[in-house]
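Asker: Take a look at the following structure, please.
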Amino acid sequence: MSVPKSLAIIMDGNGRWAKAQGKPRTYGHKVGAENVEKICRACDDLGIKYLTIYAFSTENWKRPETEVKTLMSLLNTYLNKCIKTCMRDNMRFKIIGDKTGLSKELQNTISRLEDVSGKNTGLTLVIAINYGSRDEMRRAFIKASERILSEGKEIRDITEEDITNALDTEGIPDPDFMIRTSGEERLSNFLMWQLSYSEFYFTDVAWPAFDEEELKKAISVYENRHRRFGGV
Ligand code: FPP
């Protein structure tokens, strides 16, 4: 088996990693954001075509206001930087999640970045912001229903493909492999439809410390798995 074409990562453990060094949680997010750039380069070098990362969930709004502000500001800074570097890196960007819940400034940054990088052919980085899988599916069911009715058909005619095409990830292949860092072993409302047949990998290493070597270790585990899609 070769490297996964499509990889998903739950970047967990920024806060615990920072606390272990006597630093504020926000410092962990800052180093975590820097690590995103390094792992993108490593994925591209390995030949991975799609990377989907969980940056901010629909539940993350419940965190202390200063932490939410730091995360939003890190995201805006990172995405603005990508507007300048995406052509050099040949990277394409797609944001999934409910964008209407984001600030106007962030929405503008996102639409500029998606526009300017839209035709690039290198790594596609899919960033989940204000994302929850249940919320995505709810919105997709509504969209699929509206589409089917507009075609003069009935709700019961909706196929799995119609739902796949109504999700935020439309056009992005389902992840072959999902990595979660920092010891927790759950999905936390991430890509529940898309991860139906993916291989999972959990590591105790926190996200800010998850480097290229750790990524290669994870990929070598994937390469030794025998994937099943329900058949024999
Ligand atoms: C989990 O750590 C991580 C997050 C909630 C957000 C991930 C965000 C980043 C890596 C930075 C911004 C992203 C980009 C794309 C620039 P945690 O705070 O839940 O850690 P803990 O479980 O140790 O508390």
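Asker: Can you spot the aspartates and glutamates whose alpha carbon is less than 14 Å from LYS99's alpha carbon? Ignore those fewer than 8 places along the same chain.
Answerer: Those aspartates and glutamates meeting the cut-off are GLU114, ASP135, GLU136, ASP168.
Asker: At a Förster distance of 45 Å, what's the computed FRET efficiency of THR66 paired with GLU154, Cβ-Cβ distance as r, to 0.05?
Answerer: Numbers: r = 50 Å, r/R0 = 1.11.
It comes to 0.35.
Asker: For the chain, take N as its residue count and report Rg(C-alpha) divided by 2.2 N^0.38 Å.
Answerer: Rounded to two decimals, the normalised Rg is 1.03.
Asker: Put a dot 7 Å past each Cα toward the Cβ at LYS38 and SER111; how far apart are the dots in nm?
Answerer: Each label point lies 7 Å from its Cα, and together they span 3.6 nm.
Asker: Build a GNM of the chain with springs between Cα atoms under 10 Å: which of PRO24, PRO208, PRO64 gets the top mean-square fluctuation?
Answerer: PRO64
Asker: Given a 10 angstrom Cα cut-off, can you work out which residue in ILE158, ILE179, ILE83 is the most mobile in a GNM of the chain?
Answerer: It is ILE158.
Asker: A further question on this structure: Test of understanding: what is the full-extension gain from MET192 to ARG16, defined as 0.36 nm times their sequence separation minus their Cα-Cα distance?
Answerer: Working it through step by step, the gained length comes to 60.8 nm.
Asker: Which lysines, on any chain, are close to LYS81 with Cα under 19 Å apart, when same-chain ones fewer than 8 places away are left out?
Answerer: Hits, sequence-local ones excluded: LYS30, LYS38, LYS69, LYS94, LYS104, LYS119.
Asker: If I take R0 = 35 Å and measure r between the Cβ atoms of LYS99 and HIS226 in this structure, what FRET efficiency does the formula 1/(1 + (r/R0)^6) give, to the nearest 0.05?
Answerer: The pair LYS99/HIS226 has a calculated efficiency of 0.35.
Asker: Magnitude of the Cβ-charge dipole of segment 94-153, K/R +1 and D/E -1, about the Cα centre, nearest 20 debye?
Answerer: For this selection, approximately 100 debye.
The numbers here are math on the coordinates, done by the rules we state, and not lab data. Here the structure is a predicted model, which means the values were calculated and not measured. Cβ sites come from the backbone with ideal geometry, for glycine too, and all protein chains shown count toward neighbours.
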